[in-house]
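> For reference, the structure I am asking about is given below.
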Amino acid sequence: MSKTLHAVTIPDLSALAKTLRRELDARDTPPSHVELLNLLSRGAGFRNFQHLKASQGAAARLQAAPEPVEVEPVDHRRIEQVLRCFDGDGVMARWPKKTSQQKLALWWCWAALPARRELSEPEVNAILKDLNGFGDHVLIRRELVDWGMVARSPDCRIYRRIETRPPAEAAALIRHLLARKRARIVPRVSNRPPFTPGRSPARPGASPTSP
């Protein structure tokens, strides 16, 4: 079994020498191997040799190269196709034909539901009606439950969004639809008259030559 080497940097050699001399002078017998390791470790600024080893082990783990993160593939063509089902206000104008596109479109409806909050069926219907342009918000509600994006109580009275991280394609679709909605927001026009730079009016009772 190979022996683990523990290198140590001494920031102040003079301080180490003083610490060793003080510790050795206070002893009646020579220190053992472990005791000497602890003396050297304390001189280097650690509590003991175990503290030194633990610190070096942590430093090695922190410096280790991180494992490569697998990037989830994104089908941009599918995102483009699903975006065609929405108008500029983020309303689903038509229900996608393919199952994979339907599930992707549902993530936009999932994102519209408030997080970590129980909703009644009328509250869910009100939110989904604002997102539905083809006249069947009940279909969207049912599909959200069937796909496990929304939980529903056994009596069908309480709904709650399932908190999870959307897939990469869903996150991309949500970003595109949010950007589309922001682009359609018209800046509010102020009723205040425009500011015209000019001379400040004279103070009441002041003459043009008054200081």
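The values are calculated or read from the model by the stated rules, or taken from the named source; none is laboratory data. Computed from a predicted model, the values in this text were never measured in an experiment. A quick note on method: Cβ atoms are made from the backbone with ideal geometry, for glycine too, and the neighbour counts reach across all protein chains shown. SASA here: full protein model, heavy atoms, side chains in, ligands and nucleic acids out. Shrake-Rupley method; radii C 1.70, N 1.55, O 1.52, S 1.80 Å.
> Checking ARG77 against (1) part of a helix (DSSP H, G or I); (2) touching a residue at least 40 places away in the same chain (Cβ under 8 Å); (3) open to solvent by 80 Å² or more (accessible area, probe 1.4 Å); (4) among the basic types (Lys, Arg), which single condition isn't satisfied?
The single condition ARG77 does not satisfy is (2).
> Which members of the stretch 129-164 meet the condition of being surrounded by 17 or more Cβ atoms within 10 Å (Cβ to Cβ), under 13 Å from TRP95 (Cα atoms) and among the hydrophobic types (A, V, I, L, M, F, W, C)?
Selection gives LEU131, ILE140.
> Ok, one more. Which of the numbered conditions does GLN81 fail, given that it passes all the others? Conditions: (1) out of contact with any helix residue (DSSP H, G or I) (no Cβ under 9 Å at 6 or more places or on another chain); (2) closer than 16 Å to ILE174 by Cα.
(1)
Here's the yes/no breakdown for (1) assigned to a helix (DSSP H, G or I); (2) at pLDDT 85 or above; (3) of a type in the set (Val, Ile, Thr):
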site: LYS3; (1), (2), (3): no, no, no
site: ALA7; (1), (2), (3): no, no, no
site: PRO11; (1), (2), (3): no, no, no
site: LEU16; (1), (2), (3): yes, no, no
site: GLU23; (1), (2), (3): yes, no, no
site: ARG27; (1), (2), (3): no, no, no
site: SER55; (1), (2), (3): yes, no, no
site: PRO73; (1), (2), (3): no, yes, no
site: LYS103; (1), (2), (3): yes, yes, no
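> If LEU24 passes every condition in (1) over 26 Å from ARG161 (Cα atoms); (2) open to solvent by less than 60 Å² (accessible area, probe 1.4 Å) but one, which one does it miss?
(2)
> Looking at the stretch 88-100, can you tell me whether even one residue there is of a type in the set (Asp, Glu) and part of a loop (DSSP other than H, G, I, E, B)?
Taking every residue of the stretch 88-100 in turn, at least one turns out to be of a type in the set (Asp, Glu) and part of a loop (DSSP other than H, G, I, E, B).
> Among the numbered conditions (1) closer than 30 Å to GLU70 by Cβ; (2) in contact with a Phe, Trp or Tyr (Cβ under 9 Å, 6 or more places away or on another chain); (3) in contact (Cβ under 8 Å) with a residue 24 or more places away in the chain, tell me where ALA151 comes up short.
That leaves (3) as the condition not met.
> Separate question: Can you find a residue in the stretch 121-133 that is of a type outside the set (S, T, N, Q) and in a loop (DSSP other than H, G, I, E, B)?
Within the stretch 121-133, one or more residues are of a type outside the set (S, T, N, Q) and in a loop (DSSP other than H, G, I, E, B).
> Now a separate question. Does LEU62 meet the test of being at pLDDT 80 or above, assigned to a helix (DSSP H, G or I) and out of contact with any strand residue (DSSP E or B) (no Cβ under 6 Å at 6 or more places or on another chain)?
So LEU62 does not fit the description; no.
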